[in-house]
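The values are calculated or read from the model by the stated rules, or taken from the named source; none is laboratory data. Not measured: the values here are computed from a predicted model. Cβ: placed from backbone, ideal geometry, glycine included. Neighbour counts: every protein chain shown.
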Amino acid sequence: MPGTLLDLARVFAPLSLVTIGGGQAIVSDIQRQVVDVHHWLTEAQFMNDFAIARMAPGPSSLLVTLIGWQVAGFWGAVVATASIFGPTAFLIYGVAHLWMRYRGARWQEALERGLRSVAAGMILAAVYVLLGTLEGGWMARGITAVATVALMVTRVSPLLLLGCGAAGFVVLRGLGVG
């Protein structure tokens, strides 16, 4: 168990430092480490944990808490959570001091612009990985695409979209489609 706890820390601490754009930005790397490299979870287990983490209140990075719990119980959850939040918290404390000190500097504005692109790319990589492991075939991907477009162009409630997507999936399956 101590080796497993150390492995959890080795996986999540470095990922903590590249969460540019939020926890969503590292989902593809988490999936690769947890499923493909360490074989701690299957793809289905990972997707279930991801879904639970997204529906629970709080940061999406709590996904690693669920993974830690499944891998090594209570202490696995503690180590995984501390590893994903600790390094970033210390880094941000130092960066915030520098950021305020040099507010408006050209290098700072250039860095902010550049990091937006990096964050967008990392989030798109996470979407790609998640769509690849999505169960439900073309129907689930189609419902996901429609929901994404609806979220981008309207102010519809995500909860309403969840309900409509689930109902649409059930109706289509009931009609023998997909």
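Listed values, structure above:
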quantity: Subset tally (residues that are within 14 Å of Leu130 (Cβ to Cβ) and not in a helix (DSSP H, G or I)) for the range 1-59; calculated: 0
quantity: Cβ-Cβ under 6 Å pairs, at least 6 apart or on other chains, the range 1-13 side closer than 12 Å to Ala77 by Cβ, far side among the basic types (Lys, Arg); calculated: none
quantity: Answer residue from the range 47-72, given it is among the polar types (S, T, N, Q) and surrounded by fewer than 19 Cβ atoms within 10 Å (Cβ to Cβ) and is farthest from Ile84 (Cα to Cα) among those; calculated: Asn48
quantity: Filter result for Ala44 (surrounded by fewer than 17 Cβ atoms within 10 Å (Cβ to Cβ), out of contact with any strand residue (DSSP E or B) (no Cβ under 7 Å at 6 or more places or on another chain), of a type outside the set (D, E, K, R) and assigned by TED's automatic domain parsing to the domain that holds Ala126); calculated: yes
quantity: Any chance Ala77 is crowded, with 18+ Cβ neighbours inside 10 Å, touching a residue at least 24 places away in the same chain (Cβ under 8 Å) and over 15 Å from Leu15 (Cβ atoms); calculated: no
quantity: Flag for Thr133 being among the hydroxyl-bearing types (Ser, Thr, Tyr) and over 22 Å from the mean Cα position of the chain (by Cα); calculated: no
quantity: Arg54 vs. criteria closer than 20 Å to Ser16 by Cβ and among the charged types (D, E, K, R); calculated: yes
